[in-house]
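Enquirer: Next up is a structure, given as structure tokens.
The values are calculated or read from the model by the stated rules, or taken from the named source; none is laboratory data. Since the structure is predicted, the reported quantities are computational estimates derived from the model, not experimental observations. Positions of Cβ are backbone-derived with ideal geometry, glycine not excepted, and every protein chain shown enters the neighbour counts. Calculation scope for accessible area: heavy atoms of the full protein, side chains included, ligands and nucleic acids excluded. Shrake-Rupley method; radii C 1.70, N 1.55, O 1.52, S 1.80 Å.
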Amino acid sequence: MRFTIQWKLMASYLLLVLFIGGVFFAYLNHTLNQHLTAEIRQNLATEARLTRMIAHRDIGRMKDDAPAVAAAISRETRARVTIILAGGEVVGDSEIAPGQLKELENHLNRPEVQQALKSGSGESIRYSATIKTPMLYVAVPLQTAGGEEGFVRLSLPLTALEKAEGSIRTLLGASLAVSLLVALVLSYILSRVTSRSLRTITALAKQIGKGNFNRRIPVPTRDEVGELARVMNDMAARIEQQLERTSAEKNRLDTILRGMGEGLMVTDANGLITLVNPAFLGLFSLNESVEGRHIIEIARHPVLNDAFKAIVASGDERVEKMTLTMGEEKHVLTHWVPLVDNGELQGVVAVFHDITDLTRLENIRRDFVANVSHELRTPVTVIKGYAEALIDGAMETDPERARKFVGIILSHSERLAALIGDLLTLSQLEAGSMNLEKTTVRPEQVAKRAMELLQPKAARKGITIDCSGLSGAQSVLADPGRLEQVLVNLLDNAIKYTPAGGAISFSAAVKENMVRIGVKDTGVGIPPKDLPRIFERFYRVDTARSRDEGGTGLGLSIVKHIVQLHGGAVGVESEPGKGSEFWFTIKKA
């Protein structure tokens, strides 16, 4: 069923009046109820105090005079009067015959009596089992002229209050009904006036639908205003088609520019920037708008400005590599394209590819291939040379010399095997394919096993190893085998670079949830320039000594990867001539 706007307005007016009337009805009913109750309580409390004065004057002996005094006061106040001894025994009640008072319960524990006992006045509302009706009780302490103590209690039935409340509700209900009747008449008049205005608006909307776009009418429902909305939609459709096309093209271009990983810059023929994307701002570490500024202002790199000048002068596409220094060195591949219209240069589009990581990886690959080739060439050349000597007859003519040659071949083959083994281990670590079996490990026990393996090598140089610094060290969560590999590599390095008669010691310290384990020696130390690269593959401070000692140049790199796989970090502290301390952190158990 379709409802016109007039009936909807009438309904809204009536609902509003009904809501307001209901709120006022509830509020007034609640307020008057509280007011009446408070008024009755106040009057009853006043009468209780007056009753106490009268009882103090007229009662000589409680048990003899109390019934008569209670009955006399009740006739004047029209309230039930009860006189109670200090022990709770009722000795007078205007509603109970004197002969029946002994049948009443002890009243000492009544709420109003207890409250009067504590604060000098008490009141409560509860159901009276004696007269079978809800009552309001007010009690005050009493002391007679004869010195007896007790309580005077006045009570009123709440039926009178309920009758008053019923009268108030009737009056309020009648007022609400009259208000609704008046609201019905007024809402009808107002809704007709309002709907007439809306019909006029509908007529104006039809003019808009015919092409008069100077007027704007709000949209919305299935009544007269809904008719207006349909007419306006017909008109708006023709405008929105053009706006949507333009907006879609703009959004598509913005999305493409935001999604590009390469930096994009568009300039006019004079080098003023007209458009850049977020990747360009990130590449050049720019945080502010650069549109309208010249290239040389936003990035003070001569190569950038020179490339722009070259593309403007030649008018041809240009691809070149650039090295930019912005805190750190960045390698960028740029592609410049001129924007030409009718033979005239309108601007330039430049795309910037950040190839820093690719360049770094290429350098690492080149260095790795060169280092591996160099490391492999030496043992292979030695093995080949001595094998050829044996084949040429050294085995028959000089057996002692041949035995020496075989020992050299064995030594270099072992070095070759160690190098290949370290390369395989490092490859597994870098690929993340090595599984760790973590458990609770005591660093002191692992260090002792590493000492047992390298003790003969240290003894040949007269080097003492002290692991007392790990005594009582916090247990760690690690793979025991890999932790031993770390300590063996660090201890082996310390023995290599510590002169005869030197000393090596272990240390441990707790930092938050990590344990820092150090291996300190009294060796030759490491120059400051070598410290940043000490954990790189094949990097050696003393190449000749490392090779003489049989090192592969991969030990510290393996240490770094194993520690990082455990979630820790590695470092070194050293001064030339004062020894070195290699340390790593690992999580507490």
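Enquirer: With respect to Ser94, is the statement that it is over 11 Å from Arg153 (Cβ atoms), more than 60 Å from the chain's Cα centre (by Cα) and open to solvent by less than 50 Å² (accessible area, probe 1.4 Å) true?
Expert: no
Enquirer: While we're looking at this one, here's another question. Go through the stretch 296-312 and give me each residue that's at pLDDT 80 or above, open to solvent by 30 Å² or more (accessible area, probe 1.4 Å) and within 12 Å of Leu272 (Cβ to Cβ).
Expert: Selection gives nothing.
Enquirer: Could you please find all residues in the stretch 140-166 being under 18 Å from Arg78 (Cβ atoms), open to solvent by less than 50 Å² (accessible area, probe 1.4 Å) and modelled with pLDDT of 70 or more?
Expert: Hits for the stretch 140-166 are Val152, Arg153, Leu154, Ser155, Leu156, Leu158.
Enquirer: Where residues in the stretch 449-468 are of a type in the set (A, V, I, L, M, F, W, C) and not in a helix (DSSP H, G or I), which of them is nearest to Ala500 (Cα to Cα)?
Expert: The selected residue is Ile463.
Enquirer: For the stretch 70-82, does any single residue satisfy the condition of being at pLDDT below 85, open to solvent by 30 Å² or more (accessible area, probe 1.4 Å), among the acidic types (Asp, Glu) and under 60 Å from the mean Cα position of the chain (by Cα)?
Expert: no
Enquirer: State yes or no: is Leu28 modelled with pLDDT under 80, open to solvent by 40 Å² or more (accessible area, probe 1.4 Å) and not charged (D, E, K, R)?
Expert: yes
Enquirer: Residues of the stretch 460-500 being in contact with a helix residue (DSSP H, G or I) (Cβ under 6 Å, 6 or more places away or on another chain) and at positive phi, which ones?
Expert: Answer for the stretch 460-500, where residues must be in contact with a helix residue (DSSP H, G or I) (Cβ under 6 Å, 6 or more places away or on another chain) and at positive phi: there is none.
Enquirer: Something else about it: Cβ-Cβ distance below 8 Å, separation of 6 or more or different chains: which pairs start in the stretch 345-361 with a residue that is over 16 Å from Asn277 (Cβ atoms) and outside any strand (DSSP E or B) and end on one that is open to solvent by 30 Å² or more (accessible area, probe 1.4 Å) and not aromatic (Phe, Trp, Tyr)?
Expert: Matching pairs, first to second residue: Ile355/Lys321; Ile355/His331; Ile355/Leu333; Thr356/Glu329; Thr356/His331; Leu358/His331; Thr359/His331.
Enquirer: While we're on this one: Right, Leu419: modelled with pLDDT under 85, open to solvent by less than 60 Å² (accessible area, probe 1.4 Å), in contact with a Ser or Thr (Cβ under 8 Å, 6 or more places away or on another chain) and among the aliphatic types (A, V, I, L, M) or not?
Expert: Numbers: modelled with pLDDT under 85: yes; open to solvent by less than 60 Å² (accessible area, probe 1.4 Å): yes; in contact with a Ser or Thr (Cβ under 8 Å, 6 or more places away or on another chain): yes; among the aliphatic types (A, V, I, L, M): yes.
Yes: the conditions hold for Leu419.
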